[in-house]
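To keep things clear, I will list the structure first and then write my remarks on it.
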Amino acid sequence: MRHVMRFFVSALIAALLALPALAQQDVISTVIGGGPSDMPAVDADINGPVGVAFDSAGNYYFTSYGQNRVFKVNTSGLLTVLAGNGLAGYAGDGVTGGAASAELNGPYSVTVDSSDNVYIADYNNFVIRKVNTTTNTITTFLGTQGSCGGSTSLLCYPQGVAVDSTSTNLFIADTEDCQIKKVVLERTRLAWSPAMAPVPLAAMAAAPRPLSSIIQRLSRLTALTTCLLPIPITSRFGR
């Protein structure tokens, strides 16, 4: 009987020692959760995270709807405030270096373009805010605070924002207007070079150029003209 008890106790101890090894096979770790800024992201305290997006350097940004802030987590895991002072409101546009002191009201989603500018769907303000991450300056990119929809340039509770793969267009889910809106962010701009200069008729007559060369010059002129056209805002889908 004593031998049986010893065997049972030994088996129980072996099983208990094996539990940590078994638990490590499927590890679930908290990436963010816990305090406000300038601290490891894993210890940060956040309220109502909704949208997340990455920049070209691997940093990521996320919205905290309940805290009226947008946070940044760098590649070392350090969390800082990108935009918003925590108060629900609309203030701080155009102040150089003042994005973290600005007011947001229910930031919902976020996206980043190829220049690492951050666009925020400021849901309860009916606008899209833009943060220049080089100067940490926030501006209103589209919409009018307090004006809920009714035209192409107005928004009503925007929820989703995304840029396309070339960062040429910004798409906005304009929720209460029941539309997806597209904003052209930039066009290709050509640098002037002597090769683009018009060819004098006399020179063309003296030294005729191949038809392909003439077509190429016309194409360049067309592209240069196109990039000077106004930047359109269009509704792609919806009423």
| said: Suppose R0 equals 25 Å. What FRET efficiency, 1/(1 + (r/R0)^6) with r the Cβ-Cβ distance, do ALA57 and THR166 give to the nearest 0.05? | reply: 0.85
| query | Where a Cα-Cα gap under 19 Å defines reach, which lysines qualify for LYS72, not counting those fewer than 8 residues away within the same chain? | reply | LYS130
| field | Cα-projected label distance for VAL42 with SER114, points at 7 Å along beta-carbon direction, nm | value | 3.7 nm
| remark: THR152 and ILE180 label points (each 7 Å along its Cα→Cβ direction) are spaced in nm at 1.9 nm
| task | Using the Karplus curve 6.51 cos²θ - 1.76 cosθ + 1.60 with θ = phi - 60°, work out ³J(HN,Hα) for each residue of the stretch 163-177 in order, rounded to whole Hz, and write x for Gly and Pro. | result | 9, 7, 5, 9, 6, 8, 10, 10, 10, 10, 8, 8, 4, 6, 7
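Summarise the accessible area of the stretch 86-172 (1.4 Å probe, protein heavy atoms) by the percent that is carbon and sulfur.
Values: 1520 of 3280 Å².
Carbon and sulfur together cover 46 percent of it.
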| Where the eigenvalues come from the Cα gyration tensor of the stretch 112-161, what are the semi-axes √(5λ) of the equivalent ellipsoid, largest first, in whole Å? | 21, 10, 8
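The values are calculated or read from the model by the stated rules, or taken from the named source; none is laboratory data. Just so you know, these numbers come straight off a predicted model, no measurement behind them. Cβ coordinates were reconstructed from backbone atoms using ideal geometry, including for glycine residues, and neighbour counts include every protein chain displayed. Keep in mind that these areas ignore ligands, DNA and RNA; they rest on the heavy atoms of the full protein, side chains included. Shrake-Rupley method; radii C 1.70, N 1.55, O 1.52, S 1.80 Å.
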